[in-house]
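Before I ask anything, let me first share the structure, which is written out below as structure tokens.
The values are calculated or read from the model by the stated rules, or taken from the named source; none is laboratory data. On a predicted model such as this, the values are computed, not experimentally measured, just so you know. Don't worry about glycine lacking a Cβ; one is built from the backbone with ideal geometry, like all the others, and counts go over all protein chains shown. For accessibility, only protein heavy atoms count, side chains too; no ligands or nucleic acids. Shrake-Rupley method; radii C 1.70, N 1.55, O 1.52, S 1.80 Å.
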Amino acid sequence: MTFPLDDRTAERIAEVIVDIGGPYERKTYQLEKLLRHAGWSAPPEYDGSPRIEWLSEQLIDRKENRSDIERLLCRVCDPREYEDGESSAEEFREAINTRLAAERLVVSQTGGRPVLGTLDSDGEQAVFSAPEDLDRRLRLLIEEEEAVDLLVNRVNETRLCQDSGAHTMAIIGIGSFVEGLLYALLTERDEKIRKNGFVGRNGRNTPANRAGLELMLDTAHEKEWIQLDAKDFMDNVRKYRNFIHPRAELEKQPRFDKGSVALCWGPVQAILNDIEESIEPVR
């Protein structure tokens, strides 16, 4: 993924977002709100300078912070930002992508969610990969350092599988990472879950150490940490993880390839973006 963004690209993106004189022109308070909605830590206060110049400076100041820039780009293209939803979001996505083309980046609608990917060699298809800057991002979310180390190692091992052509094992690794991420977050941040476990759809408690990924996704959605479409988007990855059992793979014969793995990183990015927008950092 091409980061950091070139300063001129940042300036062009700021022009799109502010939309001076256009139908979607953003006032100063709307710009501040947009940065908060994108989950920026310590979002800046407007200083009275021209809006495009001010927003350009914020983008350039944080250009090394991939996660903040990525979440902002996706938030600008998110239907939740607009009263008419998808229509306005699509206009912004087209405009943003025009400016991102030189960086070989693209915001795609994948499973109903805006997700940032890299353009393939033909410049036509979005390719998704493991979230960037993962170690730093996880340490802002999870207190227990051992858990972060384990999760980062799991992603590194998944990348090795992906690069060596072990596509099924890579997809299993992706599902395992998300399960570990949600388990660490939910058990750290919810005392009831630590003591009593997870409450299932039947109203019964499941001990935390026996909860599956489906139950953790449901719980994270109930807490409004992740959006419904992100949860649904992840369900396919959860089902693919079942191919850790050879019998299931023999029955379904999924025939995964490198494209399958790339697509599975999309929901991981959507879930991580949602979580970073929704909960306070621990550091």
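Explain nothing, just compute: Karplus ³J(HN,Hα) = 6.51 cos²θ - 1.76 cosθ + 1.60, θ = phi - 60°, for every residue of region 13-26 in order, whole Hz, x for Gly and Pro.
My calculation for region 13-26 gives 5, 4, 4, 5, 5, 6, 6, 4, x, x, x, 10, 3, 9 Hz in order.
Determine the share of region 157-283's accessible area contributed by carbon and sulfur atoms, expressed in whole percent, with a 1.4 angstrom probe.
On region 157-283, the fraction of accessible area on carbon and sulfur atoms equals 47 percent.
Go ahead and set up a Gaussian network model of the chain, Cα springs under 10 Å, then flag whichever of Arg238, Arg71, Arg189 fluctuates most.
So, out of Arg238, Arg71, Arg189, the one fluctuating most is Arg189.
Another question, if that's okay. Run the quick spin-label model on Val152 and Asn202: label points 7 Å from Cα toward the beta carbon, then report their separation in nm to one decimal.
Taking the simple label geometry, Val152 and Asn202 are separated by 4.1 nm.
What is the distance in Å between the Cα centroid of region 215-283 and that of region 136-156?
What the calculation gives is 17 Å, centre to centre.
About its Cα centre, how strong a charge dipole does the chain have in debye, to the nearest 20, once Lys and Arg get +1 and Asp and Glu get -1 at the Cβ?
For the chain, the charge dipole is close to 1100 debye.
Now a separate question. Could you work out how far the C-alpha centroid of region 63-128 sits from that of region 16-30, in angstrom?
Here the two parts' Cα centres lie 18 Å apart.
Can I ask one more? Please work out the average accessible area per residue across the chain, using the 1.4 Å probe convention, and give it in Å².
On a per-residue basis, the chain sits at 49 Å².
With r defined as the distance between the Cβ atoms of Asp61 and Glu214 and R0 fixed at 45 Å, what FRET efficiency is calculated, to the nearest 0.05?
0.65
Listed here are the pairs Lys195/Lys231; Lys231/Lys252; Lys33/Lys258; Lys33/Lys231; which of them are more than 29 Å apart at the Cα?
Going by Cα-Cα distance, Lys33/Lys258 fall outside the 29 Å limit.
Given a 10 angstrom Cα cut-off, can you work out which residue in Asp47, Asp68, Asp163 is the most mobile in a GNM of the chain?
Comparing Asp47, Asp68, Asp163 in the GNM, the peak value goes to Asp47.
Further question: Would you calculate the separation in nanometres between label points at Arg136 and Asp120, each defined as 7 Å from the Cα along the Cα-to-beta-carbon direction?
Each label point is offset 7 Å from its Cα along the Cβ direction, giving 3.1 nm.
Then there is this: With a 10 Å cut-off between alpha carbons and a GNM built on the chain, which of Lys258, Lys195, Lys231 moves the most?
The residue with the greatest mean-square fluctuation here is Lys195.
For region 41-136, with all protein chains present and a 1.4 Å probe, just round the carbon and sulfur fraction of the accessible area to a whole percent.
Details: 1900 of 4330 Å².
So the carbon and sulfur contribution to the accessible surface is 44 percent.
Another question, if that's okay. How far is helix 51-61 tilted, in degrees, relative to the longest principal axis of the Cα atoms in the chain, given as a value from 0 to 90 rounded to the nearest 10?
40 degrees
Is there a quick way to get the dipole size of region 1-152? I mean about its Cα centre, with the Cβ of Lys and Arg at +1 and of Asp and Glu at -1; what is the value in debye to the nearest 20? Let's see the in-between values first.
Working: 20 positive and 35 negative charges, 47 e Å.
Charge dipole of region 1-152: 220 debye, to the nearest 20.
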